[in-house]
Structures are given as structure tokens and as C-alpha cells.
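Notes for the one structure printed next.
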Amino acid sequence: MIGKRARLRISSLSAPSGPQRALIVACFVSRVGNGLFNTAAVLYFTLVAHLPAGQVGVGLTIAGLVGLLAGIPAGNLADRYGPRTVWLTSLTMQAATMAAFVFIHGWVTFTLIATLDRLAATAGGAAGGALIARAGGERPAAFRARLRTYVNLGVVLGTLGAAFAVSVNTRPAYTALILANAASFACAALVALIGVPNYQPLPRPEEHHRWAVLSDRPFVSFTALYGAMGLHYQTVSLLLPIWLSAHTDAPRWTVAAVYAVNSGVCVLLQSRIGSRVETPRQGGRALRLAGLLFLVSCPLMALTADVPAWIAPGLAVLAVCVHSLGEVWESSGGYALGFGLAPDHAQGQYQGLFGIAFDAGQALAPVVLTTAVLGLGHAGWLLLGAFFAALGAAGPPVAAWAERTRRSSHDTAGATDGRPDEASLPDPA
């Protein structure tokens, strides 16, 4: 019997349903477009649109902060009218805002378009999370982990494609990247319209309200923890490249190797590990393991400044391998808790807060990492590793707290309607 169940489990992982396949294709296409544009965005804004780098930074910061406001309202709309409708609307809006970047000629216009783009992206994240929960059925965390594999692959392919435009370095080349990204959002919307069902809203209890997620203290605590732990993403994409360039004699190709290794590990292991982390309890343990892996990887990254130039690339790759393994466990744990703790009728609202916490952490990451860590040197790397380990250690207690509150509310509901809780019923066997 156990072998049969295991085979069924493996079969369910290897054969996604029609809606899941459509979501995978839609997200893959849009992320190829993201990889095309994000690689060259700053170069386009500064070299082609002739905006000063400082103004670009201020505009993107304003856009990022304002964009956070869309998370919970968009999630509520997804819960009320169905997640596909809101997701399609956000994709359409992103296609329009991305195409509009071709016409920017000043900072105000740039900031306005960037803000609309971030509002749409945040709304799409909330609605997309609710859509994944519905399409994922009983295993949304495993499906989300699988989806992330294809998302990472899409970004890698887009980044490789952008290398050609960057090397050409002309306005038509950058314009082609922007329009290709806009087209990717439109294509993703078309795929979702054809292949993803229009899931109807689920019944909501009378006590549900638009800001219910903010009164769920265990979930709010989890999102704060996850947002802070998300600094590890820019540890590889921002902090380590700066460290390698400024503090080591490693060849310049080391930075490219770091990116490739990070993407490769995530693509190869995300589905495999994500399928093993599905319950909130497993999610808490996964966060703890991720913190320990980061505790090892951060000092290894710091040591690249203390070894000969011919050893530094190998040490950097080793550090990134350990760090990427931690990233896979951390994201898998986040998905298990993010989906597992959210009520079915309010997935959109809960995914909205989940996205806000993550985006807020990413917005603060450059300031924290470049000032605190780089400013302290080796000590900063050690403190960063300890910081991640402490956050990871909080994962299991937060998960246990959340599960207790959900059991107690379930017990209260059972007592209120006169029915015993399912856990208290005798085993039919």
C-alpha cells in the first residue's frame, strides 16, 4: 500500500493538470520578458532616455513604495470576484505600462508609468497567489515550488537574450526588449484566458472582513519573518558581486558564474525539495534549515577576500551553492506557510500581505546590505549569517503558534454549531 501511494504521489507531481500547465506556460512566458527587460532597464533609462541615475533610483523607489498599497485591496478583489479576472486585468495593465516606457522623456512621466507598473505587479502577485492556490488543489505549495522552477528558467533565458541588445547598445535594441516584455504580458494573459478556469469565489463566513489578515497575528509575524529573510536574494545578486569586485582579485567572469550557479541550483532542486515541504510544520523546519545554510554561506563569501585570486572563484561558487540550497529550502518553507495558513476563502487577501512583506524586504535590502554589511566588512558578513540563522530558528515556533490558533478557532466553531471537532471523533476502523 505504501509503495502504491508513493507511486501515485510521484505521478501527481510529474503530470500537472490542464490549469496548472496553462499557469506554468503563462508565468514562464512573462518571466522570459522580465529577464529581457530587467537586465537592461537601468541602461535604457540612463543611456537612452537620458535620465540621471539618481532620478531613476528615486523614481523606482517611489514606484516600489506606492506599489505596496495594491496588495491587500487586490487580494480582496480576487477573493470577491475570482482570482483569474484580477490577474488578467493586472497582466493587461503591465503590458500597457511596459509599452509606455518607450515614450518616456522626463522624470515625472517615468515615475508615473513606473508607479502604475508596480501597482499592477503587486495586484498581479496577490491575485496570482490566489490562482495558484485554486489550481494547486490540495498541494498548492508543491505546485508553487514547481512553478518557480519554470519561472527561474524563464528569467535565465530572458537574461541571455538581453545580452545581445546590451552588446549592440542602440535605442532600437533596447526598444525591442521593452516591447518584447510588453508582448510577454499580453501572451501570458491570452494563455491564462484560454487555459485557466474562471474559478468562482468561495463562500465567506460572516465574520470575514476586508482587513482580516491584519488581525491574524501569527500570519503577520510569519510575513515579517519571511520579508526580513528575503534579504538573502540580494545577498547573491547585489552584495556578493560588489564584494568580489571591490575586495577580491577574482576575475570578472566570477560574477557571471555566481549568477549561473545560483539559477542552476534553483532550477534543478526547487521542485524536488518543494514537494517535500507542504505543511506549515514542515515549512517552519525548512526555514530553520535555510537559516543554518545561510549561516555557513555568508562567512564563505567573506573568505573570498582572504584567498589567492585563483582560489576565490571556486570558493565563491562553493558559497553560492550552499546559499542557493538555502534559498530553495527558504522559498519552499515560505510557500508551505503562505498557503497553508491562509483560509481558502481569503487566499487573495493573505497572498496580498505575503507579497507586501516580501517586496518591502527587497526594497530595504540594498540599503541594509551595502551600508551595514559592506561597512563592517568581515564582521558584517558574520552578523548577516547570524541574522539569517536567528530568523530561521524562529520558523518552527511561529508555525506551531499559527497551527495552535487555527486548531482553537476550529474547536470554537465546532462547539458553536453543536458538532464535535473531527479530531475528537472515534476512528471508524
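See the values below:
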| quantity | calculated |
| --- | --- |
| Members of region 250-259 found to be in a helix (DSSP H, G or I), of a type outside the set (Val, Ile, Thr) and buried (at least 16 other Cβ atoms within 10 Å of the Cβ), listed by number | ALA257, TYR259 |
| Hey, VAL156 open to solvent by less than 40 Å² (accessible area, probe 1.4 Å) and within 24 Å of the chain's Cα centre (by Cα) or not | no |
| Qualifying positions in region 156-194 - among the polar types (S, T, N, Q) and under 23 Å from ARG84 (Cα atoms) | ASN181, SER184 |
| Residue list for region 134-147, filter: open to solvent by less than 20 Å² (accessible area, probe 1.4 Å) and either assigned to a helix (DSSP H, G or I) or touching an Asp or Glu at 6+ places or on another chain (Cβ under 9 Å) (or both) | ALA135, ALA141, ALA142, PHE143, ALA145, LEU147 |
| Set VAL48, VAL32: member being buried (at least 22 other Cβ atoms within 10 Å of the Cβ), closer than 26 Å to ALA186 by Cβ and β-branched (Val, Ile, Thr) | VAL32 |
| So SER12, is it closer than 30 Å to ASP344 by Cα, of a type in the set (Ser, Thr, Tyr), modelled with pLDDT under 85 and part of a helix (DSSP H, G or I) | yes |
| Residue in region 214-225 that is at pLDDT 90 or above, β-branched (Val, Ile, Thr) and open to solvent by less than 40 Å² (accessible area, probe 1.4 Å) present | yes |
| Hits in region 160-178 (condition: crowded, with 20+ Cβ neighbours inside 10 Å and modelled with pLDDT under 85) | ALA162, ALA165, TYR174 |
| PRO397 being out of contact with any Phe, Trp or Tyr (no Cβ under 7 Å at 6 or more places or on another chain), at pLDDT 90 or above and either aromatic (Phe, Trp, Tyr) or farther than 25 Å from LEU240 by Cβ (or both) | yes |
| Filter result for the condition that a residue is free of Cβ contacts under 8 Å to residues at least 24 places away in the same chain and of a type in the set (Ser, Thr, Tyr), over SER263, SER275, SER271, SER245 | SER245 |
| Any pair with Cβ under 8 angstrom, 6 or more apart, that starts in region 120-144 at a residue that is under 15 Å from THR279 (Cβ atoms) and ends at one that is open to solvent by 10 Å² or more (accessible area, probe 1.4 Å) and β-branched (Val, Ile, Thr) | PRO140/ILE132; PHE143/ILE132; ARG144/ILE132 |
| Matching entry among ASN181, ASN198 (being at pLDDT 85 or above, touching a helix residue (DSSP H, G or I) at 6+ places or on another chain (Cβ under 6 Å), surrounded by fewer than 17 Cβ atoms within 10 Å (Cβ to Cβ) and over 23 Å from ARG285 (Cβ atoms)) | ASN198 |
| Scan of region 88-100 for residues that are open to solvent by less than 40 Å² (accessible area, probe 1.4 Å) and farther than 16 Å from ASN34 by Cβ, ordered by number | LEU88, ALA100 |
| Residue count, region 96-126 (criterion: out of contact with any helix residue (DSSP H, G or I) (no Cβ under 6 Å at 6 or more places or on another chain) and not in a loop (DSSP other than H, G, I, E, B)) | 6 |
| Test: LEU239 is under 21 Å from the mean Cα position of the chain (by Cα), among the hydrophobic types (A, V, I, L, M, F, W, C) and under 18 Å from VAL328 (Cβ atoms) | no |
| Condition broken by HIS50, with the remaining ones in (1) modelled with pLDDT under 85; (2) assigned to a helix (DSSP H, G or I) satisfied | (2) |
| Restricting region 228-249 to residues that are within 18 Å of GLY326 (Cβ to Cβ), assigned to a helix (DSSP H, G or I) and small (Gly, Ala, Ser), the residue that is least open to solvent (accessible area, probe 1.4 Å) | ALA228 |
| Failed criterion for PHE387 (all others in (1) over 30 Å from PRO203 (Cβ atoms); (2) crowded, with 24+ Cβ neighbours inside 10 Å; (3) hydrophobic (A, V, I, L, M, F, W, C) hold) | (2) |
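The values are calculated or read from the model by the stated rules, or taken from the named source; none is laboratory data. These numbers come from a predicted model, not from an experiment. So basically every Cβ, Gly included, is an ideal-geometry build from the backbone, and we count neighbours across all protein chains shown. We work out accessible area using only protein heavy atoms, side chains counted, and drop any ligands, DNA or RNA first. Shrake-Rupley method; radii C 1.70, N 1.55, O 1.52, S 1.80 Å.
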